[in-house]
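Where a number appears in this text, it was derived from the coordinates with a stated rule and is not lab data. Fair warning: this is a prediction, and the values are worked out from it, not measured in the lab. Virtual Cβ from ideal backbone geometry, glycine too; neighbours counted across all protein chains shown.
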Amino acid sequence: MRKPIVAGNWKMNKTRAEAAALVAGIKAEVGSINAVETVVCVPFTDLDLVAQAVKGSILGLGAQNVHWAEKGAFTGEISAAMLKELGVTYVIIGHSERRQYFGETDATVNQRAKAALVAGLKPIVCVGETLMEREAGQTTQVVERQARVGLAGLQGADWDKLVIAYEPVWAIGTGKTATTAQAQEVHAFIRKLLGELAGTETAAKIRIQYGGSMKPENAKELMSQPDIDGGLIGGASLEAGSFAAIVRGAVR
Ligand code: 13P
C-alpha cells in the first residue's frame, strides 16, 4: 500500500527564528507518527537550520524549487547538488505560483524534475487547472498536458521517487476546497495517465497528494479517497497544531 505523505509548503514564510519554533512544534506533535511520511518544504534560507532540527527524527525536509543546471551563471537560482548537500530529500517543482508569477512552463518543470532526480532528490511535481480552465471543461486536458510534458523522459527507478501534487489553482489560498468527488475524479485520472506513462504496477505505487485549502476539517475526508495519498498544505502548515491535525487525519 502507498504510505500517505503530508508535506507543508511554507512558501515565503518564516524567518529562521520562526522556523525553529515551528519545526520544534511539529516534531513534538507528529514526531512519532510512523504511518505517515511528514515533510516540511521550507524557504532556502531556513534549510540548514531545519535540516539540523529534523536530524534523527522521522520528519523529512523539502525545498520549494530547484534549477536544472549543475552550476553556472543563473543569478538567484539554487542547484540540486546544493540542496542535496544540505540534507534535502524532496523538492516541490512547478507549483502554480511559480507558473503564474515566475514564468514556469511544463518544459522547465520537466528540466527541473530531471535534474532533481539525477542528483538523488525526490520531486513533488505540481499540476492543476485554473478556474477558467475548469469552467471551460478543460481540467483533464490541462492536467494531462502538464503531466505528459512535465514528466517526459522519466524512466525506471525515477518513478518510485516521484510524488505528484494535484492542486486546483482556484482552491489555493482561497478557502475553496475541491469536493472529495472532484478531487478523487482528477486523482483517478492522473493515476490512469501514470499507468500509461510508467505502467500500471508502477502507477499504483506513486503517491498523489491533494493541495488547495486543505485544513484539519476537510483533510481526513479528502485523504480517505482511494487515490488521494496525502496533502500539500500551504496556510494550515504554518501552525504546528493545524498541520499536525492534518497529519493525524492521514493515518489510515
Ligand atoms: P493553501 O493550503 O494555502 O491553499 O495552499 C496550497 C498550496 O499551494 C500548497 O502548495
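A few points about this structure:
- In this entry, the chain is assigned a mean projected area of 12.2 nm², taken as a quarter of its C-alpha convex hull surface.
- Other residues lying with their Cβ under 15 Å from the Cβ of Arg134 contribute a combined charge of -4, Lys and Arg counting +1, Asp and Glu -1.
- Distance from the alpha carbon centroid of region 148-178 to that of region 67-109 works out to 15 angstrom.
- 3J(HN,Hα) along region 109-118, derived from phi through the Karplus expression 6.51 cos²θ - 1.76 cosθ + 1.60 where θ = phi - 60°, amounts to 4, 4, 4, 5, 4, 5, 5, 4, 5, 4 Hz, with x in place of Gly and Pro.
- If the convex hull is drawn through the Cα atoms of region 153-252, its volume per residue in Å³: 103 Å³
- Taking a ≥ b ≥ c as the square roots of the eigenvalues of the Cα gyration tensor, region 84-162 is classed as prolate, since a/c reaches at least 1.5 and a/b is larger than b/c.
- Mean residue ellipticity (222 nm) of the chain, computed from DSSP H runs ≥ 4 via -39,500 (n - 2.57), nearest 500: -12500 deg cm²/dmol
- Excluding same-chain neighbours fewer than eight residues apart, the lysines reachable from Lys114 by a Cα-Cα span under 30 Å are Lys3, Lys11, Lys14, Lys55, Lys71, Lys84, Lys122, Lys161, Lys192, Lys205.
- Amide H contacts of Gly234 (H built 1.01 Å from N, under 5 Å, at least 5 apart or other chain): Asn9, Gly212, Ser213, Met214
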